[in-house]
Amino acid sequence: VQYIDFVTQTGLRVEEALRLTRADFSSIIVRHPVTGEESERLIMTVPGLKTSDAQATLPLSAKAEAVFRSRLGLNAAPAKPLFAVSYGRLAGKWRECKIFLRVEDNSNATLKALRRVAARNLHAINGMPLDITRTYLRHENIRTTMGYLRLTGGYGADEIARYL
């Protein structure tokens, strides 16, 4: 469950999330642009898998930060993995989830789909502008990001109405 929470918040690729260690996380102090109030935020440096531009340092949402803190915390050993599970074991657990949810025959219910859920959460639910969503997901082309949004079932009238 924590893996699903983390990936749907961060939009990481399956292998990227599995390779994260404590050393990939740090904290920074950020200043609110309006109030000037300072606060500590966690960031992660993702090595990336696809291109040299895929490596990025990204802020964590509160929910992703909570997963990190419950699994590791800043005092954990640098080499300790965030998720100590192999891809094969994770895929097996995912199959169990699909069976439990009775979606085992749904070809769209994949681990990769969690990244698409993140795209939708960031853009449609949280209101992140499309180009910032593209940057956060580390897509080179905006069409890739748009494809991720289309593949999550489209938008309902209530979501469209928010912008009218």
**Radius 10 Å from Cβ of Thr8, net charge of other residues (Lys, Arg +1; Asp, Glu -1)** = +3
**Message:** Let me check I have the definition right: for segment 101-164, take the eigenvalues of the Cα gyration tensor, multiply each by 5, take square roots. What are those semi-axes in whole Å, largest first?
**Reply:** 21, 17, 9
**Request:** Just tell me which aspartates and glutamates come within less than 19 Å, Cα to Cα, of Lys63; anything on the same chain fewer than 8 places away is out.
**Result:** Asp5, Glu16, Asp24, Glu40
**Asked** Does the chain come out rounded, prolate or oblate by the C-alpha gyration tensor, with a ≥ b ≥ c the root eigenvalues, rounded set by a/c under 1.5 and, if not, prolate when a/b is larger than b/c and oblate if not?
**Response** oblate
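Based on alpha-carbon positions alone, could you give the equivalent ellipsoid semi-axes of segment 1-84 from the gyration tensor, as √(5λ), descending, whole Å? Kindly include the intermediate steps, with their values, before the conclusion.
On the way: eigenvalues 93, 48, 32 Å².
In descending order the semi-axes read 22, 15, 13 Å.
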**Asked** Which of these, Phe25, Phe100, Phe83, has the largest mean-square fluctuation under a Gaussian network model of the chain (Cα springs below 10 Å)?
**Response** Phe100
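Each reported figure results from applying straightforward, stated rules to the coordinates on display, with no laboratory input. As the structure is a computational prediction, the values presented were derived from the model and not from experiment. Counting neighbours? That spans all protein chains shown, and the Cβs are built from the backbone with ideal geometry, glycine included.
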